[in-house]
Amino acid sequence: MERRACDLGLVDGSSPRPTGWRRAALVRWLALSSVGLLLAACGLPDVPEGSALTDLPISEWVYLPLGGDAVCASGSRYAAQVRRGTDDAELVVSFQGGGATWGVIEEASWLLSQFLSELYFERVRSIRKGGLSDPPADDPLARATQVVVSYCSGDIHWGDAFGVDATGTRIAHRGAANVEAVLDWLDDQALAPERLTVAGCSAGAYGALLWAPSLAASYPGATRSLLLDAGLGVVQAPFVDRSTGLASWRVERAFRANGLEATLEGLGLDYVERLVASVAAAFGGPIGVASTRRDGVQAAFHFLMGGAPSVTSFKRDDVDAWSAAGATRLDRLDAIEGVSTFVSDWGPALLPYGASGHCVTEDRDLWRHGMGDAFRDWWGELRAGRLPDSVDLRSP
């Protein structure tokens, strides 16, 4: 197997492109947080394109290149990330997060240009080793086969569009094609798991939500569950009202593939609630929604969806605004049949503005005491196909 070198600002081996931007401390913090600190991860071993699962090494993460229409934002090759398990009983399909970029398709994408810059022009980045990707040997997840739907399209795994950035470089928002390539590969493996666990963190939460019906249809005999981690979908009106937001990704292909076209009619601020309700009716298993009380990453993207001229004006009040809206969203999701919520104060203190944790499933605290214990118990019920009681660990 070929082992890749660490990618640190390189595009297919070339030198980093100068950005010419002076980023404030908040911008640097947000960029690192929103990609799950993926810059720290070195490359995984490659296997030949489209290799069968049975040809992969056991208990070792590898890049699995997939051809066809699957490409990253720059047009570089796309690869899933797979760890073949020792037990066929459980298949875990998780959707990688890493922020998002949107804009009028014919014009510049502000987020991409300003602080995500090089990240969507990289080849697929390694998953962060921690949490779900690195379970203890005595946990059932360590024996399961894990397939990560890698993320390098900037469209929360939904897109079927093309645009350009401020430098005139073409952006391929091909999230739908990338997911379909992974699902086609999985279908070719003819797996018959007893348990199907679908999960996604941050941008990956929306990918997991939208593509859950397709995965359920592929494994009709499996007990199944869906976990949406750090993806409450709290947006502002410009994101759903204008072509510079959700519409710029041209998501119809992905919604149609999952039988969810009706949810695109009359989009409003409640679009995620409507989508969760539709998936809950079709998925055939419990849905868990997890979030922390103050998530600075979700708060920052909510802020930018309002058309803010500069991320440097993001303040503590904006985290407060997201936190209040997130609490309302959690209550509404909790009221949907088949949905359970988990919310806590957990998280390292991320500076600035006292924001807290993002993506429980990617953090090493998943395997520690305290919040991790409570979350694992709740998620364990969910993965067993039972709807757990909702958990609220917020301080008074």
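The values are calculated or read from the model by the stated rules, or taken from the named source; none is laboratory data. Keep in mind the model is a prediction, meaning the values are calculated, not measured. With ideal geometry, Cβ positions are generated from the backbone for all residues, glycine too; neighbour counts draw on all protein chains shown.
So, Asp46, is that one more than 30 Å from Thr312 (Cβ to Cβ), surrounded by 16 or more Cβ atoms within 10 Å (Cβ to Cβ), modelled with pLDDT of 50 or more and more than 19 Å from the chain's Cα centre (by Cα) or not? Quick ask: steps written out before the conclusion?
Working: more than 30 Å from Thr312 (Cβ to Cβ): yes; surrounded by 16 or more Cβ atoms within 10 Å (Cβ to Cβ): yes; modelled with pLDDT of 50 or more: yes; more than 19 Å from the chain's Cα centre (by Cα): yes.
So Asp46 passes the test.
Step by step: first the residues of segment 325-355, then only those that are assigned to a loop (DSSP other than H, G, I, E, B) and modelled with pLDDT of 90 or more, then the one that is surrounded by the most Cβ atoms within 10 Å (Cβ to Cβ). Which residue is that? Talk me through it step by step, then tell me what you get.
Kept after step one, since they are assigned to a loop (DSSP other than H, G, I, E, B), are these residues of segment 325-355: 335-338, 345-349, 351-354.
Within this subset, residues satisfying the condition of being modelled with pLDDT of 90 or more are 335-338.
Values: Ala335: 11, Ile336: 19, Glu337: 9, Gly338: 16.
Per the criteria, the residue is Ile336.
Output the qualifying pairs, or none if there are none: Cβ atoms under 6 angstrom, residues six or more apart or on different chains, first residue in segment 356-377 and closer than 16 Å to Ala230 by Cβ, second residue surrounded by 23 or more Cβ atoms within 10 Å (Cβ to Cβ) and acidic (Asp, Glu).
Correct list of pairs: His358/Asp295; Cys359/Asp229; Val360/Asp229; Thr361/Asp229.
Considering only residues of segment 288-324 that are β-branched (Val, Ile, Thr) and closer than 18 Å to Leu227 by Cβ, which is modelled with the highest pLDDT?
Taking segment 288-324 as the starting set, the residues that turn out to be β-branched (Val, Ile, Thr) are 289, 292, 297, 311-312, 319.
If we keep only those that are closer than 18 Å to Leu227 by Cβ too, we end up with 289, 292, 297.
Details: Val289: 98, Thr292: 91, Val297: 88.
In this case the residue turns out to be Val289.
Of the residues Ala172, Ala216, which is within 18 Å of Gly98 (Cα to Cα) and not polar (S, T, N, Q)?
Working: Ala216 fails: within 18 Å of Gly98 (Cα to Cα).
Of Ala172, Ala216, the one residue that is within 18 Å of Gly98 (Cα to Cα) and not polar (S, T, N, Q) is Ala172.
Return the total of residues in segment 360-383 being outside any helix (DSSP H, G or I) and loosely packed, with under 13 Cβ neighbours inside 10 Å. Spell out the reasoning first.
Residues of segment 360-383 outside any helix (DSSP H, G or I): 363, 368-370.
Now restrict to residues that are loosely packed, with under 13 Cβ neighbours inside 10 Å: 368-370.
Total meeting the criteria: 3.
Name the residues in segment 197-207 that are aliphatic (A, V, I, L, M) and either farther than 23 Å from Gly306 by Cβ or part of a strand (DSSP E or B) (or both), would you? Don't jump to the end; show me each part of the working.
Residues of segment 197-207 that are aliphatic (A, V, I, L, M), as a first pass: 198-199, 203, 205.
Val198, Ala199, listed by residue number.
Could you list all residues from segment 183-205 that are surrounded by fewer than 24 Cβ atoms within 10 Å (Cβ to Cβ) and at negative phi? Steps first, answer last, please.
So the first thing to find is which residues in segment 183-205 are surrounded by fewer than 24 Cβ atoms within 10 Å (Cβ to Cβ), and the list is 183-195.
Selection gives Leu183, Asp184, Trp185, Leu186, Asp187, Asp188, Gln189, Leu191, Ala192, Pro193, Glu194, Arg195.
Among the listed residues Glu252, Glu273, identify the single one that is farther than 30 Å from Thr223 by Cβ, acidic (Asp, Glu) and modelled with pLDDT of 90 or more. Outline the logic, then answer.
Numbers: Glu273 fails: farther than 30 Å from Thr223 by Cβ.
After ruling out the rest, the residue left standing is Glu252.
List the strands (runs of 3 or more DSSP E) that sit entirely inside segment 136-196 and contain at least 2 residues that are without any contact (Cβ under 8 Å) to a residue 60 or more places away in the chain. First the steps, then the outcome.
Numbers: elements: 145-149, 161-164, 170-173.
The strands (runs of 3 or more DSSP E) meeting that bar are 161-164.
Which helices (runs of 4 or more DSSP H) sit wholly inside segment 208-324 and have at least 2 residues that are in contact with a strand residue (DSSP E or B) (Cβ under 9 Å, 6 or more places away or on another chain) and crowded, with 16+ Cβ neighbours inside 10 Å? Outline the logic, then answer.
Values: elements: 237-241, 252-257, 271-283, 296-304.
In segment 208-324, 271-283, 296-304 are the helices (runs of 4 or more DSSP H) which contain 2 or more residues that are in contact with a strand residue (DSSP E or B) (Cβ under 9 Å, 6 or more places away or on another chain) and crowded, with 16+ Cβ neighbours inside 10 Å.
Please work out if Ala52 is surrounded by 21 or more Cβ atoms within 10 Å (Cβ to Cβ), at negative phi and modelled with pLDDT of 50 or more.
On the way: surrounded by 21 or more Cβ atoms within 10 Å (Cβ to Cβ): no; at negative phi: yes; modelled with pLDDT of 50 or more: yes.
No; evaluated as a whole, the condition is false for this residue.
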